[in-house]
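A short write-up of the structure that comes next.
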2 protein chains.
Amino acid sequence: MRVQIIGFGIIGKGFAAVLKDKRDVLRQRYGLDIKVVSISDITGTVVNENGVDIQKALQVMEKSGRLIDYPGAVEMGGLEAIEEVDADLVLEFTPSNIKTGEPGLSHMLKAMEHGKHVVTSNKGPLVLKFRTLKDTAAKNNVQFKFEATVGGAVPIINLAKENLSCDEIVAIEGILNGTTNYILTRMHKEERPFEMVLKEAQELGIAETDPSYDIDGIDTASKLVILANSIMGINATYQDVKIQGIRKITPEAIELAKDDGYVIKLIGEVKDSHLEVAPRLVPVTHPLNVEGVLNVALLKTDVAGDITIVGKGAGAIETNSAVLSDIISVWRNGNNRNDGKDYP
Amino acid sequence: MRVQIIGFGIIGKGFAAVLKDKRDVLRQRYGLDIKVVSISDITGTVVNENGVDIQKALQVMEKSGRLIDYPGAVEMGGLEAIEEVDADLVLEFTPSNIKTGEPGLSHMLKAMEHGKHVVTSNKGPLVLKFRTLKDTAAKNNVQFKFEATVGGAVPIINLAKENLSCDEIVAIEGILNGTTNYILTRMHKEERPFEMVLKEAQELGIAETDPSYDIDGIDTASKLVILANSIMGINATYQDVKIQGIRKITPEAIELAKDDGYVIKLIGEVKDSHLEVAPRLVPVTHPLNVEGVLNVALLKTDVAGDITIVGKGAGAIETNSAVLSDIISVWRNGNNRNDGKDYP
């Protein structure tokens, strides 16, 4: 399988590192031989039809942080690479932009139009144009997989689509953002105010300098849109989510909750086509009460009942478990790709 | 797809009930039309190549509890039905026997030898003869799926094999028996002795009259063997498990644990080819701390890190979510079944 990597930041480099370790497993377990025929970042593109030397690309990035410094790299953008290089699958790893979806949106559409499968960790395009992307994939007979966009390593979407395949998912609740969960967990345990814990989280690199994307619930809302659309067949966008963040949560509120056996968590919920992100009381012993940077999703289903899945919601290596699982799934479905079915 | 039901007790009748509701979903979502061509219980067999009337079979069972009372039913055993009736897949739902594996073991092997896929909820044969069953399935080019044998509705095996498909599962820990978890949860909450809580659980029908299968860890050990073999590629049997049950757990021990922020849970663990069932201390906020009759499995993996899944470990309806998911999986893989791959 010839694969193009578009975007060579944290996730892209993590992919290269994991692929290096997993080549034998992929070959032995699935008969899958992944050849990376191009890598693009914002500085340029490395192309090699016989397979780019991944180890070398990682070394170049460690040294200069610019892919153009790879010997033989050319000043070609991601879009052009998708147009020019022959490949079966495009890995879209550029940064998420939930205002325009770009550059990921154009990359994904272009890839599909060129008959290439798309696997991505980039939320932006899906939050804005989920229906367009699904339709374009169907029209061009390619597969479109995006497990890594929600919950990092936690296979929420594939769990719902593949392992609860006869179930109707009637509602989803989850903690989909590790940064806010970390802050709330520390506020709960240490009884300290929001600003103080946020500041420490920023110093530790868990929260960003501008933390609003996380703490105002924007990231959770984006992921909720993707879950609602992909698992429950809703056609929602970011505008449809009612959002409240965690800025106003006081130590007093947490203390009150604690006294009654509850924790306060930032929960994303979709139910009856209604999408909402808000701080909510969760019983201490409820499966949704997970600590620190963990993510969790609870799927309410008609046959299996409630199924909850917990794991790491981020991480350069961990997230690539979802990416590789998606690639393997594309590979497995590959033989049947022209039968018109909507593969999960 | 022509399906035979062997064993028409709680799970078999639950399957019939769920299938009735899900016919349209299966057809629309997967193009799958399930025709039940025979049903067998200990009294006899109903055969109809155009499809047995499931509703009627359920009514007969409700009335007399004997399938032989179905008009036209014949005195044919399960094994003979497998030999005589033309079908694509056998659902093996007879009661689990971990001493001999029978009658399920003979049913499964016979089905495979006749080129029929097997989907089952029956642990016994897998605990005793996992390797034989896998080899026989491979030799006869049929698929063998058994998600419902462990964790009821919780898709532990398929999660590991399908959604963490590039990961190495290095260890598994779990609460795999709802009865013991219910007893321990109530002992923890109510600070009452084991015997008293057990007696109430028996009155509620949560524990059996002879409770040793559950409380002595036998059931947990059986499920652990299946997880170890199927997910981690070990070749273990029941004899390889070191087992300690929950009879000796005192309110004092639970109280001590509680004071330190722990709960006591009956945990099955497989790690470094070592299988063990024993009461263990679990931090209150750990994902393995789930209450009541819930089951949970934590998969330790090399790429994704720890992934935990929680849900109902039993139930006539719930368990059939796993059964139907397995059938759908067989159907999806069906076109490729002769390519020699070891489908998950």
query = From the square roots a ≥ b ≥ c of the eigenvalues of the alpha-carbon gyration tensor of the range B:160-312, which class results: rounded (a/c under 1.5), prolate (a/b over b/c), or oblate?
reply = prolate
query = Ranked by Cβ crowding within 10 angstrom, fewest neighbours first, how are A:Ser96, A:Ser212, A:Ser40 ordered?
reply = A:Ser212, A:Ser96, A:Ser40
request  = Taking the Cβ of A:Leu58 as the centre, find all other residues whose Cβ is under 9 Å away and add up their charges (Lys, Arg: +1; Asp, Glu: -1).
outcome  = +2
inquiry  = Given R₀ = 60 Å, what would the calculated FRET efficiency be for A:Lys63 paired with A:Asp260, taking r from the Cβ atoms and rounding to 0.05?
reply    = 0.65
query = What nm distances, shortest first, do you get from the label point of B:Gly31 to those in the other copies when the point sits 7 angstrom along Cα to Cβ?
reply = 2.1
key: Other copies of A:Gln59: label-to-label distances in nm, shortest first, labels 7 Å along the beta-carbon direction   = 7.7
ask   = At B:Ala278 and B:Arg29, where each label point lies 7 Å from the Cα along Cα→Cβ, what is the point-to-point distance in nanometres?
value = 4.2
note = Volume per residue (Å³) of the convex hull spanned by the alpha carbons of the protein assembly as shown is 151
remark   = Rounded to whole angstrom, the alpha-carbon centroid of the range A:243-302 lies from that of the range A:174-196 at a distance of 11
task = Please work out whether the range A:6-84 counts as rounded, prolate or oblate from its C-alpha gyration tensor, where a ≥ b ≥ c are the square roots of the eigenvalues and a/c under 1.5 means rounded, while otherwise a/b larger than b/c means prolate and anything else oblate?
result = prolate
query = Build a GNM of chain A with springs between Cα atoms under 10 Å: which of A:Asp135, A:Asp216, A:Asp41 gets the top mean-square fluctuation?
reply = A:Asp135
query = Build a GNM of chain A with springs between Cα atoms under 10 Å: which of A:Glu276, A:Glu49, A:Glu173 gets the top mean-square fluctuation?
reply = A:Glu49
key: Cα-Cα over 26 Å, subset of B:Lys56/B:Lys129; A:Lys271/B:Lys145; B:Lys223/B:Lys271   = B:Lys56/B:Lys129; A:Lys271/B:Lys145
note = When B:His117, A:His188, A:His274 are arranged by how many other beta-carbons sit within 10 Å of their Cβ, fewest first, they go A:His274, A:His188, B:His117
ask   = What is the Cα convex hull volume of chain B when expressed per residue in Å³?
value = 135
message = Run lengths n ≥ 4 of DSSP H only: what is the helix-derived mean residue ellipticity at 222 nm for chain B, with -39500 (n - 2.57) per run over all residues, to the nearest 500?
response = -12000 deg cm²/dmol
request  = Report the local net charge at A:Ile249: Lys and Arg +1, Asp and Glu -1, summed over other residues whose C-beta lies under 13 Å from its C-beta.
outcome  = +2
ask   = Where Lys and Arg each count +1 and Asp and Glu each count -1, what net charge lies around B:Ile6 among other residues with Cβ under 12 Å from its Cβ?
value = -2
request  = Run down the aspartates and glutamates and flag those whose C-alpha is under 12 Å from the C-alpha of B:Lys199, throwing out any fewer than 8 positions away in its chain.
outcome  = B:Glu208, B:Asp210
query = Which of these, A:Gln28, A:Gln202, A:Gln239, has the largest mean-square fluctuation under a Gaussian network model of chain A (Cα springs below 10 Å)?
reply = A:Gln28
task = List A:Glu162, A:Glu147, B:Glu113, A:Glu195 from most exposed to least, where exposure is judged by having the fewest other Cβ atoms within 10 Å.
result = A:Glu195, B:Glu113, A:Glu162, A:Glu147
inquiry  = So for chain B, averaging the separation of alpha carbon pairs under 8 Å that are six or more residues apart and normalising by length, what relative contact order in percent results?
reply    = 18
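Read-outs throughout are calculated quantities, based only on the coordinates presented, and are distinct from any laboratory measurement. Keep in mind the model is a prediction, meaning the values are calculated, not measured. Note that we place each Cβ from the backbone using ideal geometry, even for glycine, and neighbour counts take in every protein chain shown.
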